[in-house]
Structures are given as structure tokens and as C-alpha cells.
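Structure record follows, encoded as C-alpha cells.
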Amino acid sequence: ELEDLLITSDMGTGVAGEVVEALRRTRFNQEIAPDEVRAALADEVIRLVERVQRPLRIDPAQRPFVILVVGVNGSGKTTTIGKLAKQYRDAAKNVMLAAGDTFRAAAVEQLQIWGERARCPVITRPTGSDAAGLAFEALEKARQDGIDILLIDTAGRLHNKADLMGELQKIVRVLKKVDATAPHAVLLVLDATVGQNAHQQAEIFRDMVGVTGIVMTKLDGTAKGGVLVSLAEKYGIPIHAVGIGESAEDLRPFEARAYARSLVGLDA
């Protein structure tokens, strides 16, 4: 029953089995109440994900600090950028956004709306323009304008992997022409509702551009996001934040304990 609970939360059969087995070894030689079982289960999950609970640190020595944001279309990438921008602005940072998903007019418009909300400039180019050229221009301008943090949106056309890979790698190359240490962070945005497909996405983007951290969105719905446990186990990529709603405040630092307890149906 416990194993089923974990599998239906998208943890994946292998990891779910391991968690239950660990619990069986340590706790199941005694009578134990259902809530105690859940709490013990949560402790096992915490043990697995605690090591990847890590906030995204902005190094003030790297200015502008360049964050490249990647992920498939529909994962909540542009919204996540907007929320981060608002949070950084509220923390008195100078922020610039770059609308690098140049083929989707809707993504550019969405970023402009977030830019207005967060009161930060948005670098755009006409639909279909070269994304790498836009990224280069944005970083040059960010340096001139004394920007602290530059957030770059990117395309997510996973059905055309070779093209996307070429585009993302070109963006990284041109950023390095301006600043050899850029990008300073590569954030992968994953949608909690895709379940085990998140593994394929993590692998693809890691191989394309070397992901340094994960943000998981849409954890406010029926999706429990159990796939984070197997991602933590398999890749060890830091999990920085989770999205649990529409407003900027709903992008929150990832907390292993709150996440694990919610996964097994307990109050945080």
C-alpha cells in the first residue's frame, strides 16, 4: 500500500521500492500506527532529497550574474523567470530579462508583462530572430548598465532536438565571448505533472548545456512531484525552488521536510 502511494506520486517503482525496503528494515519489527508509518516514510524521503536541497546563490563577484533558464515549452519557464525577477527586484537587485525564446511571440509578450510587474528592462528582438545574437546583446547591455542579474529565457522545442541543442550551445558560446565564466547558472524548469518524463528532460538538457539546478513548477495541483526523489537519487542536481501557485511569492525555496511530508500526505 505504501509502495503504491509512492508510485502514484510519480516517484518511480525502483526508488519507491527502496524507500519502503529501508523502512521495513528499520521499523517494521514492531506495531506501528499508520501516521507513524507515514512519518517514518517521510524521514526516508528527506534522507534522499536533503542533499539536493540548495538555494540558488547569486555570487556578487560575478556581475552581471547570468542565469540561463531552459526547459520544454509549457513547463512554466517564462513564468518562473518572471517570479525570480520580481523576487530579486524586491531584494533591491538590478535585474534584466532577455526574451531568448524568439520563435514564440507569446513567450516574449509574457516576459514583457513580468518585466513591467517587476520594473526591470526586457531585451527583445522580432519573432524568429537569432536567439544567440539576442543573448549576446543582452549581456553587453547588462554590463554597460550595471545590472546585477541577467535572466535569459530560451526555446523549448524538444520535438526538434538537434536544432534546439545547436541553439542552446550557440547561446552559451556567445555568452562566453563576453564573459568567459558565463552562464553562472543553468536552471532547468520541470513541470511536476509530467511525472517520470522529467527524467528524459533532465538528461537531454544536462547533456545539451550542463544543468546546475532545478526548479519544479505546478506542485499546487494533483501532481505530488515524487519524481524529484528519483531525480535527486539519479543525478544529484541541486533543487533550488518549487512553484506552488501563480504569484511571485508562490515560487519558494525547496525544503526537503515540507516536500517529503506533503508527498506522504502529512501536514508540513
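The values are calculated or read from the model by the stated rules, or taken from the named source; none is laboratory data. From a predicted model like this one, the values you see are computed outputs, not experimental measurements. With ideal geometry, Cβ positions are generated from the backbone for all residues, glycine too; neighbour counts draw on all protein chains shown.
Any residue that is within 19 Å of the chain's Cα centre (by Cα), at negative phi and touching a residue at least 60 places away in the same chain (Cβ under 8 Å) - is there at least one of those in region 96-111? The answer is yes; a qualifying residue exists.
Would you call G213 surrounded by 15 or more Cβ atoms within 10 Å (Cβ to Cβ) and at pLDDT below 95? Don't jump to the end; show me each part of the working.
Values: surrounded by 15 or more Cβ atoms within 10 Å (Cβ to Cβ): yes; at pLDDT below 95: no.
Criteria not met by G213.
In region 1-59, counting only helices (runs of 4 or more DSSP H) that sit wholly within it, the ones holding 1 or more residues that are modelled with pLDDT under 65 and within 20 Å of A256 (Cα to Cα) span 2-8. For region 88-130, the tally of residues that are surrounded by fewer than 17 Cβ atoms within 10 Å (Cβ to Cβ), part of a helix (DSSP H, G or I) and in contact with a Lys or Arg (Cβ under 9 Å, 6 or more places away or on another chain) stands at 1.
Can you pull out the residues in region 176-191 that are touching an Asp or Glu at 6+ places or on another chain (Cβ under 8 Å) and within 22 Å of V215 (Cβ to Cβ)?
From region 176-191, those touching an Asp or Glu at 6+ places or on another chain (Cβ under 8 Å) are 178, 184; that's our starting set.
Result: H184, single match.
Number of residues in region 145-186 that are modelled with pLDDT of 95 or more and farther than 18 Å from L134 by Cβ: the value is 6. Just one of (1) touching a strand residue (DSSP E or B) at 6+ places or on another chain (Cβ under 9 Å); (2) surrounded by fewer than 17 Cβ atoms within 10 Å (Cβ to Cβ); (3) not charged (D, E, K, R) fails for Q196. It is (1). For region 65-81, name all the residues that are in contact with a helix residue (DSSP H, G or I) (Cβ under 8 Å, 6 or more places away or on another chain), surrounded by fewer than 24 Cβ atoms within 10 Å (Cβ to Cβ) and not β-branched (V, I, T). N73 - this is the single residue of region 65-81 that is in contact with a helix residue (DSSP H, G or I) (Cβ under 8 Å, 6 or more places away or on another chain), surrounded by fewer than 24 Cβ atoms within 10 Å (Cβ to Cβ) and not β-branched (V, I, T).
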